[in-house]
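Reading through the structure tokens given below for one structure.
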Amino acid sequence: TQLLEQSPQFLSIQEGENLTVYCNSSSVFSSLQWYRQEPGEGPVLLVTVVTGGEVKKLKRLTFQFGDARKDSSLHITAAQPGDTGLYLCAGAGRGNMLTFGGGTRLMVKP
Amino acid sequence: NAGVTQTPKFQVLKTGQSMTLQCAQDMNHNSMYWYRQDPGMGLRLIYYSASEGTTDKGEVPNGYNVSRLNKREFSLRLESAAPSQTSVYFCASSETGPYNEQFFGPGTRLTVL
């Protein structure tokens with residue numbers, strides 16, 4: 001069974017602070033996706049990283065895929081209240097099925 | 001385009017009752033999925049359908065059945081609901097492609113008493 005562990009589970013910060021969320025596994029994934037989920041809604045895809053060492057930027061969000069394709073990180077610069085939500089990483093493994101991490105719940109206070 | 005739609009949005013059942021959760025997508029995707037989401041456990045795959053006419057078990061299939069009615073619709077049935085099936089259920093769809101990027105519905109919040 002492929003497992004993805006996310007840390008931290010909860011994060012509460014002030015507007016303007018920076019933060020990093022981690023997604024770790026002992027398994028290799030062919031690609032890794034990050035989703036954001038708001039209360040009462042389904043997850044929405046933010047980004048897919050494919051190549052080991054790849055870095056993708058989405059405005060104030062920076063996503064990195066580990067060199068060995070076993071881990072990933074999400075860094076948010078100058079967080080805003082609109083960034084509040086549940087962040088989920090998901091790795092594509094056997095049969096291209098996704099394995100989801102447990103999620104990081106982020107609250108950004110104004 | 002509505003994307004992925006799910007009905008109902010909320011449901012309360014008594015132990016032993018049955019119900020069917022409906023899902024439809026209008027993106028012409030081949031693959032569809034059913035997940036459950038429990039606190040701190042992310043999303044766990046119940047069943048999936050890689051194409052019309054095929055279904056396969058995921059990580060947690062016990063107590064559930066599915067039907068891929070046509071390319072658009074994928075339903076999830078609980079034959080005899082149990083309190084352990086209290087959860088939020090999400091349907092998703094994806095194109096056939098290398099990364100399996102998924103589009104999710106808004107979810108069904110199910111409580112089994």
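The values are calculated or read from the model by the stated rules, or taken from the named source; none is laboratory data. On a predicted model such as this, the values are computed, not experimentally measured, just so you know. Virtual Cβ from ideal backbone geometry, glycine too; neighbours counted across all protein chains shown.
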Residue hits (the range B:50-69; modelled with pLDDT of 95 or more and closer than 19 Å to B:Val4 by Cα) are B:Thr55, B:Val66, B:Ser67, B:Arg68
Exercise. Is there a residue being over 28 Å from A:Ser31 (Cα atoms) and within 10 Å of another protein chain (Cβ to nearest Cβ) anywhere in the range B:94-112?
Worked result: yes
For A:Val28, the lone unmet condition from (1) in contact with a strand residue (DSSP E or B) (Cβ under 8 Å, 6 or more places away or on another chain); (2) of a type outside the set (Gly, Ala, Ser); (3) modelled with pLDDT under 95; (4) surrounded by fewer than 17 Cβ atoms within 10 Å (Cβ to Cβ) is (1)
Looking across the range B:28-50 at residues that are assigned to a loop (DSSP other than H, G, I, E, B) and within 13 Å of chain A (Cβ to nearest Cβ), the single one that is nearest to A:Leu98 (Cα to Cα) is B:Gly42
Q. Could you say whether any residue in the range A:88-99 is within 14 Å of chain B (Cβ to nearest Cβ), assigned to a helix (DSSP H, G or I) and in contact with a Pro (Cβ under 8 Å, 6 or more places away or on another chain)?
A. yes
>> If I filter the range B:89-108 for residues that are farther than 23 Å from A:Thr48 by Cβ, within 14 Å of the chain's Cα centre (by Cα), of a type in the set (Ser, Thr, Tyr) and surrounded by 16 or more Cβ atoms within 10 Å (Cβ to Cβ), do I get at least one hit?
In response: yes
Within the range B:51-92, the residues that are within 14 Å of another protein chain (Cβ to nearest Cβ), over 22 Å from B:Gly40 (Cβ atoms) and in a strand (DSSP E or B) are B:Asp56, B:Lys57
Scanning the range A:12-59 residue by residue, those more than 14 Å from chain B (Cβ to nearest Cβ), in contact (Cβ under 8 Å) with a residue 40 or more places away in the chain and either under 30 Å from B:Pro8 (Cα atoms) or not in a loop (DSSP other than H, G, I, E, B) (or both) turn out to be A:Ser12, A:Ile13, A:Gln14, A:Leu19, A:Thr20, A:Tyr22
